[in-house]
Structure formats: C-alpha cells, structure tokens
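Let me begin by presenting the structure, written as structure tokens, before commenting on it.
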Amino acid sequence: MIALIKKVAGYLVSAGDVVALTGAGVSVESGIPPFRGKGGVWERFDPMEYASIQAFEKDPAKVWRVLLSELKRVVDKAEPNSAHKGLAKLEKIGILKTVITQNVDGLHQKAGNTDVIEIHGNFAWHRCMKCDHRTDTQSIKLDQIPPKCHCGGIFRPECVFFGEMIPLEAMWRSRQAASNCDIMLVMGTSANVQPAAYMPIIAKKSGAKIIEINTEATPLTENISDHILLGKAGEIMNLLITEIENCRQAELIID
Ligand code: NAD
Ligand code: ZN
C-alpha cells in the first residue's frame, strides 16, 4: 500500500490539472451516513418514498419528519474531516483545481475549497416554495414540521430530489472539468448515481488517470480506474498529503 501511495503522490505532484469527484463516503468520517452500503440510509428508508420530488410534493410533512429533519440535525453539526481538509490543502498548494461533489453537506467549502461544483445542489440553503425567500439551513427551526416561511409557504432544501433535473450549469462545468483534467481522484462514491458516475468515464476517454479512494471496489474499479487506494478517505488522504509534502521537499532540495 505504501508503495502505491508514493506512486500516486508522485503523479499528483507532477500533474497539471487535478480534479476530484466526491461522494457520500468522504463525509462518513464527519458522522454523515452514506446512502448505500453498510450503515447506509437506504437500509432503513426507501429512496422513492422519501427522496423523490413526487414524495415531497405529495406529503412534505412526512419527508421532513423522516428524512430532512434527521439530515439537518446531522449536517448542522458536521465538521470537515481529513478527507475534506486534505483536498483543501491540495488546492492551496496548487495541485487540485476543482471538486465535483455529489454531496450536499457543504463540507468541502467549509474546509476551504473554493471551486466546488455541487451536482446535486446543497443542503446549506432552503427556499420557500411559495415566495422563493431563501434562508440558511441553520436558521430553519424544527418546532413545526414541515418548517414554514413567514408567508406560510413550506421550505425545501436547495438539493436535487430524485426525479428533478441536475442544475444545467453544474452539469456543464463538471463535464468541462472532467474532460480537461490529467488526474481524477474519485473518492467515496459508489459510482451508481448518474450523471456523476459518468464523469470518470469522460475523464478516462480524454486521457486522464483515474485514482479511486474507497473502502471497497466499485463498478469503476475493474475497467476505468488505474489504481484504487483501499481504505477510509480521511486516512488515505493523510498518507497522501504526507507523501506529497516529502516529494515537494525533495524537489526543493534538488532545485
Ligand atoms: P453512496 O452512499 O452511494 O456510496 C458511498 C460510497 O462511499 C460507497 O462506495 C462506500 O464504499 C464508500 N465509503 C463509505 N465509507 C467510506 C470512507 N470512510 N472512505 C471512503 N469511502 C467510503 O454515495 P454516492 O455515490 O455519493 O451517491 C449517493 C447520493 O446520495 C449522492 O447523490 C449524494 O447526493 C447523496 N448523499 C449525500 C450525502 C452528503 O451530502 N454527505 C450523504 C448521503 C447521501
Ligand atoms: Zn415564503
């Protein structure tokens, strides 16, 4: 494993343009459960019953009571972990350009990344469905379910429910970033949800190396990924950052 970490660190240090594609797995170490897999939210809830726009429009109180209030409680207190912090550091030292994320928790921005494309929108803001008034999620009170705006309209998160369109600009920018990168780090995503799962395929077709970081293999591992670093995203990122710092120091000494 250490040999592979060194190899990947070397690729990252010499790459021109690195993009990360992240999924729910990068926020697991911040206490936010993923959707699929062990401990996933979908072991307990049927996505179509709670996370589709049809379900929300039919019975917003039910979706707020079961899914959104729990998500809000978890996201309100979540802090970036080593995976988010490592990506922020990679941007700061000029290695990473863009993060494309399927996550709605805002933790990449909180860690310090400045170019974050949120394919599935975000849970940091809510919007009144009647008058369009926007409010940050922390200001939403759960003493009435569903939470309501001063006009009486119901608040909904600015994230994309199943059955809704992906924001066009996010889609367009993600495709651009994927087709122009030299390396795509694919972290903590089961690569089951489209169109996000297509981004590594676009990157690969455009000549990029694909490096996966995940606790288990995914549908990309066999044919699309060049390497998989198996383990928790935060732990792997710490190892990578240490190795990258060693490479950079060695370069400074040689210069
Ligand atoms: P997913 O739940 O389908 O898959 C999670 C992946 O992360 C799995 O492949 C799993 O093996 C891996 N994983 C779990 N723990 C890990 C860890 N510590 N380190 C590295 N990898 C780990 O997630 P997805 O592919 O992002 O798709 C789910 C959808 O659900 C997304 O569209 C996203 O919008 C939404 N979602 C978001 C959040 C969030 O914002 N934090 C949380 C849950 C779900
Ligand atoms: Zn309103």
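So, in the stretch 169-194, how many residues would count as being open to solvent by 20 Å² or more (accessible area, probe 1.4 Å), within 19 Å of L96 (Cα to Cα) and either within 14 Å of ligand 1 (Cβ to nearest atom) or part of a loop (DSSP other than H, G, I, E, B) (or both)?
1
Just name the residue that is surrounded by the fewest Cβ atoms within 10 Å (Cβ to Cβ) out of those in the stretch 195-215 that are modelled with pLDDT of 95 or more and under 21 Å from S30 (Cβ atoms).
This residue is T215.
Yes or no, residue by residue, for (1) buried (at least 19 other Cβ atoms within 10 Å of the Cβ); (2) away from ligand 1 (no atom under 12 Å from the Cβ); (3) in a loop (DSSP other than H, G, I, E, B):
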residue: V99; (1), (2), (3): yes, yes, no
residue: H108; (1), (2), (3): yes, no, no
residue: H126; (1), (2), (3): yes, yes, no
residue: D132; (1), (2), (3): no, yes, yes
residue: Q144; (1), (2), (3): no, yes, yes
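Could you list, in sequence order, the residues of the stretch 37-57 that are in contact with a strand residue (DSSP E or B) (Cβ under 9 Å, 6 or more places away or on another chain) and either open to solvent by less than 30 Å² (accessible area, probe 1.4 Å) or more than 15 Å from ligand 1 (Cβ to nearest atom) (or both)?
Answer for the stretch 37-57, where residues must be in contact with a strand residue (DSSP E or B) (Cβ under 9 Å, 6 or more places away or on another chain) and either open to solvent by less than 30 Å² (accessible area, probe 1.4 Å) or more than 15 Å from ligand 1 (Cβ to nearest atom) (or both): A51, S52, I53, Q54, A55, F56.
Considering only residues that are hydroxyl-bearing (S, T, Y) and more than 10 Å from ligand 2 (Cβ to nearest atom), look in the stretch 133-172 and name the one that is nearest to the chain's Cα centre (by Cα).
T137
Taking only the stretch 216-242 into account, find how many residues are more than 15 Å from ligand 1 (Cβ to nearest atom) and at pLDDT 95 or above.
Number of matching residues: 3.
Out of all the residues in the stretch 146-159, which are within 16 Å of ligand 1 (Cβ to nearest atom) and farther than 14 Å from L67 by Cβ?
E158, the sole residue that qualifies.
Kindly establish whether K209 is out of contact with any Pro (no Cβ under 9 Å at 6 or more places or on another chain), of a type in the set (K, R) and under 14 Å from A9 (Cα atoms).
The answer is yes for K209.
Filter the stretch 212-255 down to residues that are in contact (Cβ under 8 Å) with a residue 12 or more places away in the chain and among the hydroxyl-bearing types (S, T, Y) and give me whichever is nearest to I93 (Cα to Cα).
Top of the filtered list is S225.
Quick one: how many residues across the stretch 72-105 are in contact (Cβ under 8 Å) with a residue 60 or more places away in the chain, among the hydrophobic types (A, V, I, L, M, F, W, C) and under 30 Å from F162 (Cβ atoms)?
Count: 6.
Matching residues to (1) out of contact with any Leu (no Cβ under 8 Å at 6 or more places or on another chain); (2) under 16 Å from A20 (Cα atoms); (3) touching a residue at least 12 places away in the same chain (Cβ under 8 Å):
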site: F155; (1), (2), (3): yes, no, yes
site: F161; (1), (2), (3): yes, no, yes
site: M165; (1), (2), (3): yes, no, no
site: A177; (1), (2), (3): yes, yes, yes
site: C181; (1), (2), (3): yes, yes, yes
site: V186; (1), (2), (3): no, yes, yes
site: N192; (1), (2), (3): yes, no, yes
site: Y198; (1), (2), (3): yes, yes, no
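The values are calculated or read from the model by the stated rules, or taken from the named source; none is laboratory data. Fair warning: this is a prediction, and the values are worked out from it, not measured in the lab. Note: ideal-geometry Cβ built from the backbone for every residue, glycine included; neighbour counts use all protein chains shown. What goes into the accessible areas is simple: the full protein's heavy atoms, side chains included, and nothing from ligands, DNA or RNA. Shrake-Rupley method; radii C 1.70, N 1.55, O 1.52, S 1.80 Å.
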